[in-house]
Structure formats: C-alpha cells, structure tokens
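To start, the structure under review is shown below, and the notes come after it.
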Amino acid sequence: MPQLNPAPWFMIFMFTWVIFLTILPPKVLAHTFPNEPSPQSMTTPKTTPWNWPWH
Amino acid sequence: MTLSLFDQFSSPSYLGIPLILIALSLPWVLFPAPSTRWLNNRMLTLQGWFIARFTNQLFLPLNVGGHKWAPLLASLMIFLLTLNMLGLMPYTFTPTTQLSLNMGLAVPLWLATVIIGMRNQPTHALGHFLPEGTPTPLIPVLIIIETISLFIRPLALGVRLTANLTAGHLLIHLISSAAFVLMPMMPTVALLTAILLLMLTLLEVAVAMIQAYVFILLLSLYLQENV
C-alpha cells in the first residue's frame, strides 16, 4: 500500500499542520454573527393593555 | 512495473513538486473571506450558517472549559469535510487517504486531550481506567484493558478515516473499470454496473461527510472526558 511508504510522511505532516493552523482558523473566525445570544429572562414583563386608536 | 489498483493512492509528484501540497492548499479558495457588509452572498451565508450551527451542536455537551477548542474543531471539520468531498470528483487526489495525514492529525489532538486531562484533573482523568462498580477480582484486568483502549484511540481515529476513504475510492475505481470493460461485451450488465456505481457514489458522498464528522465527534468526546 503506497500510503505506508514513510518517505513523504514528515512533509505531509508538517504541511497539513501549517495549513490547518495558519489558513483555516482565520477563514473560520472571519464569519461573524450579529446576534448576541442573551439568556431568556425568568420574569415576563408586565404589560398594561391599551386600545389602539383606529380613528 | 505493473500498475496495481493501490497506485492511485501513492502521493503524486510532478517535476519534483509533491502534488499533495497543491491538493492541500487549493480547496481554501472555496472559502472566501466574509465582507464587512451586514449581509453576504449566498455561499458565505451558507458557510457561516453551517459553521455556527455545527459548532453550537458539537459543544453543547462539553463543559465551558472545553469551549476554547471551538475554533480548532470547527476548522478541522471544514478541513476534513472539504478534502473528503472534493476528493470524490474525477482526477482529484484525496489527501485524507494518506495515513500520514490522518495519523498526523489524530495523534497530536488526542495527546492534547489526554495531557489536558492529566494536568488539570489527574485524579478524574485516571479514574476513567476503572469504571464504577467493577467486581474486585476484575480490577487488574480491567485497568489493563482500559489502558489499551486509551492508547488505541489515536490509531483507530487515523486508520478509520484512512480506511473508509481508501476503500471507497478503490470500490469506485473497481466498479467503474468493470462497467467500462463490460460495455462492448454485455451492455445490459454494464448498465447494471453503472447503476451500482451511481448508488456507490451516493454512498461515498455520505461516507465522506460522515467520516469527517465522526472524527471530530470522537475528539470532542475525548475532550469531554478530560475537561
């Protein structure tokens, strides 16, 4: 099986980690999401009923 | 020298340049940098949605201490998924069929989870070697078994990905050769083989995605134990 030939192993190992540490995280982290997650409040706010003035 | 079916997996080089370098560096062109606009184009939106959703789901069962692994595991998922999927196209080389790459990713990451566990909470990490409620005579045997299973994890991680992808590519090669050779002789059988090839390709698409996911999932599980 040619994958078991150890000649290019070190080169592949180093190059993979170089790509994996330098190129990928900036691409992944560049995606920003504008919605900050906020915890749900335990209390429901009190609302006073009002009439819409339709006229 | 006779060409065997495994020769498609030998790391190719052309004019002295190992082509795996190109196979590893070109796919990231497909992931452009998001602009500073509020809404990006469809591809960026989809990629962002996938990354966010995946990271959210993956880190739900983990303690907060493990959440610092989020960029690493998200990058790893994109890495493996892209390489696996792109390798299914004709004439491409799949770097994840190389045992060197998979072991090179699995061993350091697994070792990192073990070292984190041993440094921060050694008692808890060592406690995994003896499940609760073991009958006393079984204790020595079980500790040996658990140690072996711990050390087999990186091997299994790497070899699982390599073997799954190699086997898939090999099967595609075999069945497509069979369909091609049978075409002039027995067209009906060739048609059936072609249908088999179509179904196999669909399976391989699924396997490509699933195996990448399993790699990451198991790593997150090992992290969960140690954090």
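The values are calculated or read from the model by the stated rules, or taken from the named source; none is laboratory data. If you're wondering where the values come from, they're calculated on a predicted model, not measured in any experiment. Counting neighbours? That spans all protein chains shown, and the Cβs are built from the backbone with ideal geometry, glycine included.
Residues that are among the small types (Gly, Ala, Ser), under 15 Å from the mean Cα position of the chain (by Cα) and farther than 15 Å from B:LEU86 by Cα within the range B:157-181 comprise B:GLY158, B:ALA163, B:ALA167, listed in sequence order.
Scanning the range B:9-39 for residues that are over 19 Å from the mean Cα position of the chain (by Cα) and touching a residue at least 60 places away in the same chain (Cβ under 8 Å) yields a count of 2. Residue-level analysis places B:LEU72 outside the set of residues that are closer than 24 Å to A:TRP17 by Cβ, within 17 Å of the chain's Cα centre (by Cα) and either modelled with pLDDT under 85 or away from chain A (no Cβ under 11 Å) (or both).
The number of residues in the range A:1-54 that are of a type in the set (Lys, Arg), within 14 Å of chain B (Cβ to nearest Cβ) and more than 25 Å from B:MET43 (Cα to Cα) comes to 0. When B:LEU62, B:LEU86, B:LEU24, B:LEU58 are checked against the criterion of being among the aliphatic types (A, V, I, L, M) and within 12 Å of another protein chain (Cβ to nearest Cβ), a single residue qualifies: B:LEU24. May I ask you to verify whether A:PRO34 is part of a loop (DSSP other than H, G, I, E, B) and over 20 Å from B:ARG53 (Cβ atoms)? Against the criterion (part of a loop (DSSP other than H, G, I, E, B) and over 20 Å from B:ARG53 (Cβ atoms)), A:PRO34 does not qualify.
From the list B:LEU109, B:LEU142, the lone residue that is without any contact (Cβ under 8 Å) to a residue 40 or more places away in the chain, surrounded by 13 or more Cβ atoms within 10 Å (Cβ to Cβ), in a helix (DSSP H, G or I) and not β-branched (Val, Ile, Thr) is B:LEU142.
B:SER11 - would you say it is part of a loop (DSSP other than H, G, I, E, B), exposed (fewer than 14 other Cβ atoms within 10 Å of the Cβ) and within 12 Å of chain A (Cβ to nearest Cβ)? Considered against the rule, which asks whether it is part of a loop (DSSP other than H, G, I, E, B), exposed (fewer than 14 other Cβ atoms within 10 Å of the Cβ) and within 12 Å of chain A (Cβ to nearest Cβ), B:SER11 comes out as no.
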